[in-house]
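The values are calculated or read from the model by the stated rules, or taken from the named source; none is laboratory data. None of the values given here were measured: they were computed from a predicted structure. Note that each Cβ is placed from the backbone with ideal geometry, even for glycine, and that neighbours are counted across all protein chains shown.
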Amino acid sequence: MISGSYQMTGCDLTLVSIPERKSLLLKGTATHGIGLPMTEHRKLVALQDAAGCHSPQLFKGVAGDLIARKIPSFLRLDRMASSVAPLALCASAVAIRENSKAFGRVSMAVAVNVSRFESVTMAPPDPILGVSEAFKADTSDAKLNLGVGAYRTEELQPYVLNVVRKAENLMLERGENKEYLPIEGLAAFNKVTADLLFGANNTVIQEGKVATVQSLSGTGSLRLAAAFIQRYFLDAKVLISSPTWGNHKNIFNDARVPWSEYRYYDPRTVGLDFDGMLADIKAAPDGSFVLLHGCAHNPTGIDPTPEQWNKLADIIQDKNHIPFFDVAYQGFASGSLDTDAYSVRLFVERGLELLVAQSYSKNLGLYAERIGAINVVCSSSDAAARVKSQLKRLARPMYSNPPVHGARIVANVVGDATLFNEWKQEMELMAGRIKNVRQRLFDYLSQKDKSGKDWSFILKQIGMFSFTGLNKAQSEHMTNKWHVYMTKDGRISLAGLSLSKCEYLADAIIDSFHNVG
Amino acid sequence: MWRGRSWAVGARSMSSWWSNVEPAPKDPILGVTEAYLADPSPDKVNVGVGAYRDDNGKPVVLECVREAERRIAGNLNMEYLPMGGSNKMIEESLKLAYGEDSEFIKDRRIAAVQSLSGTGACRLFADFQKRFLPDSQIYIPVPTWANHHNIWRDARVPQQTFHYYHPESRGLDFAALMEDIKNAPNGSFFLLHACAHNPTGVDPSEEQWREISHLFRVKNHFPFFDMAYQGFASGDPERDAKAIRIFLEDGHLIGCAQSYAKNMGLYGQRVGCLSILCEDEMQAVAVKSQLQQIARPMYSNPPVHGSLIVLIILSDPDLKSLWLKEVKVMADRIIGMRKALRENLEKLGSPLSWEHITNQSSYSLEKCKEDCGDGNVNVISEIGMFCYSGMTPEQVDRLTNEFHIYMTRNGRISMAGVTTGNVTYLANAIHEVTKST
């Protein structure tokens, strides 16, 4: 029995956090003790939060001894839960003497510097960017980067189009200001973009039935459209091709729009599974959104024929589906801007309302400027005005208004007859280089592969990419043995291939295809 | 191209898919400029949107920016930036906000990504907050920039408000502010304007910031700073970052949205930075990776042009020093216009008090208490681009309809749009509509 009252009037507490972030160290020194001999044990015990509640779920600790006045004792506490930071800690000290206890308590608000984002884990690396990084790290002379979806010259250098340089010089000379664009973007840009997609003489343009909003390239256009779908078509689903560009799924997931897949790629033929595609689109609930690649399907390079496009339009019309085109390669597929717009214009002619997400990243080489547009073709100009206003409303809390630089470049190139013609020529050159490379690759493959395998799919595919038909193990073999960098789904970017490397690549493909499981 | 099928099938499009899409209300801020542009009157004045104008009412491209653009022209290429944007530009941005020699930068404790100006930074943070702390809310000051509400709403983070502006004294309602901070559940998220509060122009004093920071420590709240006007408020970027530095000294793990729209005049380039101070480098890497995951399905990677301009200016000592001079010129012109507007209104004999318009930066809390004899009082001074006039929406409408003066209906005047050429006209018009108040 302790006679007299025990007071512990002072206890210095210091918080020392341990680098692993999993533990805290409490250093306690009893500074005052009244009526208690020095030999008594004083213990520094558990913690309570500011409200006086024990928080065993937050910290678990073993009581340490406060041996003597002014000699600090340490209490180590291991954090168990990480979701909420402890608020203020009260250290309690208990004096024990001959098995009886007197209890003194000292509170100290020790705000713990624990991050709220403790539980944030590392995001997985990007499946495409990771390829380029691995490529950079490779020291082999033979290495080849066929992962990148960015055009390269025959010398495998990035390419800034001449028309773009000219446009930028014009802009520099004019010294235009950098004021905010309106939320819907640069009017001149929106006009030329809609004209480019649909044809300036198209009825829907003449009658003001197209809502066009400048956005952050293809991704930004898709995201705005997805947000619009989520808000106005709460129960609708988007049908996407299997396979498709990886980011499509991320976009619809983040926008909380449900999606399902329709068959597209047939590995047996390395071609289009058209019957499967039609069947899946037919089986979907009426009024679904059907995401279609306008031309140069990514990642397969396999496009429907004009006849197949017509059949698709029939089915989509019957099912009252809404076509949603992703046009990232207009001009890049065939070399002709008009030819590549065939599918979109066909559906417009049928009188269908539809969406088109469009990008200038590849065809004007404006990748990093983030320039594109979302276009919604409506049945009336009134509907188009209303739709446009709602798209703006979705854009405002995302980024307020779009970046001006790329828009001005496009407006200057596409809106000027001379520059536009020059652009068409450069476009043909770029697409032409890809076609040549396809041909050369096919020639080597046919010539060198004695198995009789039909490699003609390489010629039938179109655009920047080719689906080689190589599986994951074979694709990895391409990298590990041949230093050819590509994505694991067997996709190669022909934009990163030069004529001089075609033979090497053919050897690598033949070896991987035949000698690996 | 008629096919052998009933056109009635295609006639589905006659009753449009978009029939339930209503016209969206005009944006309260950007809609003002639209209306202004449409007005043919030669007397029209635009004091709506917060974009700087010179004394001739013209937009300004800073010399340092022009020089940076000359260096960029004929440049390399336009390859995609990484998802998180330009790392070099980010580092320069962090130095501005956190301090040139900040230990946090050295220790790599800051997760930061290039963002689409201030809006994009706030939105990324709001989405991040929703994803990792789905039960959290955001406390937003009253009033605030209108788009703040849109941003956190579209990110689906529930909002609460806290007292900020004291209309009667045209100053900060400090007592109510502190009360709200105290009453919020521990660990709440608060949106704070680092300097030059938009729309009121009223900032806490240094002493008040210290008290706020201390209370935040006790309550363990999360401070998120929206800093859209660094350099623009006082003319000195270091001084404008004072609030943030106070919080950092006190050990807070802050979040910060920065914008170069105003202070570098890069409005349409959409360049800014979102940063979150973490416990250590490992956590910062994880947080950055997650911010990138949010950016990727929104726009993949940010635009390059503006970030190049920022990088060139901030990393070249001569250009940076030119920039600092030009920012001071802009800030000084605004301060001058504030004085002019106030003098004009007082000369006209306005019944209202317009003292709040001018920036009395040396006006301390103590002096204010002394003057007003009120322990609870607010610092009466305004700073930055905006002036909260206290006019009602009806009075604002009169200004627009009768005088062709365009501003947002909350009575916010963008001082950047005031010139020696229009200040008298503006003062007269304001006096006209308020004199019978």
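Is there a residue being crowded, with 21+ Cβ neighbours inside 10 Å and in a helix (DSSP H, G or I) anywhere in the range A:351-366? Checked the range A:351-366: no residue is crowded, with 21+ Cβ neighbours inside 10 Å and in a helix (DSSP H, G or I). For beta carbons closer than 8 Å, sequence separation of 6+ or different chains, a first residue in the range B:55-72 that is more than 17 Å from B:V327 (Cα to Cα) and a second that is of a type in the set (A, V, I, L, M, F, W, C), the qualifying pairs are B:E69/A:L172; B:E69/B:I309; B:R70/A:L172; B:R71/B:I312; B:I72/B:L308; B:I72/B:I309; B:I72/B:I312. On the basis of being surrounded by 15 or more Cβ atoms within 10 Å (Cβ to Cβ), over 21 Å from the mean Cα position of the chain (by Cα) and farther than 22 Å from B:S289 by Cα, does B:A68 make the cut? So B:A68 passes the test.
Count of the range A:145-173 residues, restricted to those that are at pLDDT 90 or above and out of contact with any helix residue (DSSP H, G or I) (no Cβ under 8 Å at 6 or more places or on another chain), is 5. Of all positions in the range A:369-381, at least one carries a residue that is within 12 Å of another protein chain (Cβ to nearest Cβ), in a loop (DSSP other than H, G, I, E, B) and surrounded by fewer than 20 Cβ atoms within 10 Å (Cβ to Cβ). Select from the range B:257-305 the residues that are facing chain A (nearest Cβ under 7 Å) and among the small types (G, A, S) and write down the one among them that is farthest from the chain's Cα centre (by Cα). Filtering first and then ranking leaves B:A286. Of all the listed residues (A:R386, A:R350), the sole one being in contact (Cβ under 8 Å) with a residue 12 or more places away in the chain, facing another protein chain (nearest Cβ under 8 Å) and farther than 21 Å from A:A411 by Cα is A:R350. Regarding the range A:241-256, can at least one residue be identified that is under 23 Å from the mean Cα position of the chain (by Cα), acidic (D, E) and part of a strand (DSSP E or B)? No, the range A:241-256 contains no residue that is under 23 Å from the mean Cα position of the chain (by Cα), acidic (D, E) and part of a strand (DSSP E or B).
Every listed requirement among (1) surrounded by fewer than 17 Cβ atoms within 10 Å (Cβ to Cβ); (2) over 13 Å from B:L341 (Cβ atoms); (3) touching a residue at least 40 places away in the same chain (Cβ under 8 Å) is met by B:T424 save one, (2).
Which one is nearest to the other protein chains (Cβ to nearest Cβ) among residues in the range B:142-154 that are outside any loop (DSSP other than H, G, I, E, B) and surrounded by 24 or more Cβ atoms within 10 Å (Cβ to Cβ)?
This residue is B:I151.
Evaluate the following for B:R109: is it within 13 Å of chain A (Cβ to nearest Cβ), loosely packed, with under 15 Cβ neighbours inside 10 Å, charged (D, E, K, R) and more than 30 Å from A:N162 (Cβ to Cβ)? No.
Report yes if A:A328 is within 30 Å of A:N421 (Cα to Cα), in contact (Cβ under 8 Å) with a residue 40 or more places away in the chain and of a type outside the set (S, T, N, Q), otherwise no.
So A:A328 fits the description; yes.
Screening A:N401 on (1) outside any helix (DSSP H, G or I); (2) more than 14 Å from chain B (Cβ to nearest Cβ) shows it passes everything except condition (2). Here is the figure for the range B:38-55: residues that are farther than 16 Å from B:P28 by Cα and away from every other protein chain (no Cβ under 14 Å) total 8.
Among the residues of the range B:217-226, the one identified as in contact with a helix residue (DSSP H, G or I) (Cβ under 7 Å, 6 or more places away or on another chain) and assigned to a helix (DSSP H, G or I) is B:K219.
Residue check: is B:S136 polar (S, T, N, Q) and in a loop (DSSP other than H, G, I, E, B)? Taking the combined requirement at face value, the residue satisfies it.
Count of the range A:150-191 residues, restricted to those that are assigned to a helix (DSSP H, G or I), touching a Leu at 6+ places or on another chain (Cβ under 7 Å) and more than 9 Å from chain B (Cβ to nearest Cβ), is 3. Residues in the range A:193-209: is at least one assigned to a loop (DSSP other than H, G, I, E, B), under 32 Å from the mean Cα position of the chain (by Cα), within 12 Å of another protein chain (Cβ to nearest Cβ) and closer than 18 Å to A:N412 by Cα? No, every residue in the range A:193-209 fails to be assigned to a loop (DSSP other than H, G, I, E, B), under 32 Å from the mean Cα position of the chain (by Cα), within 12 Å of another protein chain (Cβ to nearest Cβ) and closer than 18 Å to A:N412 by Cα. For the range B:196-208, the tally of residues that are within 18 Å of B:D250 (Cα to Cα) and touching a strand residue (DSSP E or B) at 6+ places or on another chain (Cβ under 9 Å) stands at 3. Checking each residue in the range B:171-195 for being in a helix (DSSP H, G or I) and either of a type in the set (D, E, K, R) or closer than 14 Å to B:H252 by Cα (or both) picks out B:E179, B:D180, B:K182.
The set of residues from the range A:488-517 being over 14 Å from A:M478 (Cα atoms), surrounded by fewer than 16 Cβ atoms within 10 Å (Cβ to Cβ) and of a type in the set (G, A, S) comprises just one member, A:S500.
Quick grid of which residues meet (1) at pLDDT 95 or above; (2) assigned by TED's automatic domain parsing to the domain that holds A:A226:
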residue	(1), (2)
A:L394	yes, yes
A:M398	yes, yes
A:V404	yes, yes
A:R408	yes, yes
A:F420	yes, no
A:L429	no, no
A:V437	yes, no
A:Y444	yes, no
A:K450	no, no
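Among the candidates A:T300, A:T305, the residue that is closer than 22 Å to A:D126 by Cα and more than 18 Å from the chain's Cα centre (by Cα) is uniquely A:T300.
Among the candidates B:F225, B:F190, B:F174, single out the residue that is within 14 Å of another protein chain (Cβ to nearest Cβ) and of a type outside the set (K, R). Every option except B:F190 fails the conditions. Evaluating A:A417 against the criteria (1) free of Cβ contacts under 8 Å to residues at least 60 places away in the same chain; (2) more than 7 Å from chain B (Cβ to nearest Cβ); (3) in contact with a Cys (Cβ under 9 Å, 6 or more places away or on another chain) leaves one unmet condition, (3). Against the test of being in a loop (DSSP other than H, G, I, E, B), surrounded by 19 or more Cβ atoms within 10 Å (Cβ to Cβ) and among the β-branched types (V, I, T), the options A:T269, A:T300 yield a single qualifying residue, A:T300. Would you check if there is a residue in the range B:401-415 being aromatic (F, W, Y) and touching a helix residue (DSSP H, G or I) at 6+ places or on another chain (Cβ under 6 Å)? For the range B:401-415, residues aromatic (F, W, Y) and touching a helix residue (DSSP H, G or I) at 6+ places or on another chain (Cβ under 6 Å): present. Yes or no: the range A:187-198 includes at least one residue that is at pLDDT below 95 and surrounded by fewer than 18 Cβ atoms within 10 Å (Cβ to Cβ). Taking every residue of the range A:187-198 in turn, none turns out to be at pLDDT below 95 and surrounded by fewer than 18 Cβ atoms within 10 Å (Cβ to Cβ).
Number of residues in the range A:472-492 that are more than 17 Å from A:H514 (Cβ to Cβ) and in a strand (DSSP E or B) equals 3.
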